[in-house]
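To start, the structure itself, in structure tokens.
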Amino acid sequence: MNDTGATIVASDVREASHPTPRGAMLYDASLPGHADEDWFDPDRWHGPVSVERQAGGRGTVAFLRDDARRWVLRHYRRGGAVARVLDDRYLYTGADRTRGFREWRLLRALAALGLPAPRPVAARYRRDGPFYRADLLTVELPSRTTLAQALVSDPLPTQRWSDIGRCVGRFHAHGVRHADLNANNIVLGPAREVCLLDFDRGRIVARGAWEDAVLARLERSLVKVTQALPAGRYGPEQWQLLLDACRRA
């Protein structure tokens, strides 16, 4: 297994790339149409286009829709103190090491494994001296309801906690290490579906103690998002249901 690595159906995600004026672009060659940087600019799409921006994580994501496409565009931004200096710039050390290319390939690998994650469309980087900026396009999931949002609305049914644990356990069974698993990166769909989001800095590695660290991060997130909510939304009982299902997966 490589450590870059992974969407939901895989064999039809075909990697291709080509240079752009300021960098390069990686894309799924099985998609119709000519792949170019216009994909990242909805103003250059033909016909009526719907653009909806939504805050999330370290910046915003844009939901782009026309008659044929329902895509999500994410621009990579830094977090923490360094963000005040570099914002959306990263040191360039080679195309294959750019954030977008690494995540695109990880999503492609996840697709090959049949794991529930967004399908990759395209990734690009644009050079700026010794730095680069990056973007990622994925196919929009059927639902946008995150675990954090669902908990604000109502308590989850018992089975839902097991579904979430089973989903996380499937990723761990394949050695998929999520770098920031939290209640905002778990999406609840219809019919008990669960998907994971945001695989930036994720990897496929040998199984090990990192699994407990990923789960501990998720537990801290659940405590944080529910601490001001009514009693019964989350507690030791719900966590144990999730944990037991994860370990059985």
Those residues of the range 93-136 which are among the basic types (Lys, Arg) and over 24 Å from His172 (Cα atoms) amount to Arg124, Arg126, Arg127, Arg133
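The rows are residues; the columns are (1) in the same structural domain as Asp200 (by TED's automatic domain parsing); (2) among the aromatic types (Phe, Trp, Tyr); (3) in contact with a Gly (Cβ under 9 Å, 6 or more places away or on another chain).
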| residue | (1), (2), (3) |
| --- | --- |
| Gly114 | no, no, no |
| Arg119 | no, no, no |
| Ala123 | no, no, yes |
| Arg126 | no, no, yes |
| Pro130 | no, no, no |
| Ala134 | no, no, yes |
| Leu151 | yes, no, no |
| Asp154 | yes, no, no |
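Please determine, by comparing only the residues of the range 13-38 that are farther than 27 Å from Leu113 by Cα and not polar (S, T, N, Q), which one is surrounded by the most Cβ atoms within 10 Å (Cβ to Cβ). Lay out the reasoning, then the answer.
Step one: list which residues in the range 13-38 are farther than 27 Å from Leu113 by Cα, which gives 19-23, 34, 36-38.
Those left that are additionally not polar (S, T, N, Q): 19, 21-23, 34, 36-38.
On the way: Pro19: 9, Pro21: 7, Arg22: 13, Gly23: 19, His34: 6, Asp36: 15, Glu37: 16, Asp38: 13.
Filtering the range 13-38 for residues that are farther than 27 Å from Leu113 by Cα and not polar (S, T, N, Q), the one surrounded by the most Cβ atoms within 10 Å (Cβ to Cβ) comes out as Gly23.
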Taking first residues from the range 79-95 that are outside the structural domain of Asp200 (by TED's automatic domain parsing) and second residues anywhere that are modelled with pLDDT of 95 or more and part of a helix (DSSP H, G or I), the pairs with Cβ under 7 Å that are 6 or more apart or on different chains are Tyr90/Arg99; Ala95/Phe101
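Looking at the structure I just gave you, is Cys195 assigned by TED's automatic domain parsing to the domain that holds Tyr234 and either part of a strand (DSSP E or B) or surrounded by fewer than 19 Cβ atoms within 10 Å (Cβ to Cβ) (or both)?
Working: assigned by TED's automatic domain parsing to the domain that holds Tyr234: yes; either part of a strand (DSSP E or B) or surrounded by fewer than 19 Cβ atoms within 10 Å (Cβ to Cβ) (or both): yes.
Yes.
The values are calculated or read from the model by the stated rules, or taken from the named source; none is laboratory data. Since this is a predicted model, take the numbers as computed values, not measurements. Glycine gets a Cβ as well: all are built from the backbone with ideal geometry, and neighbour counts include every protein chain shown.
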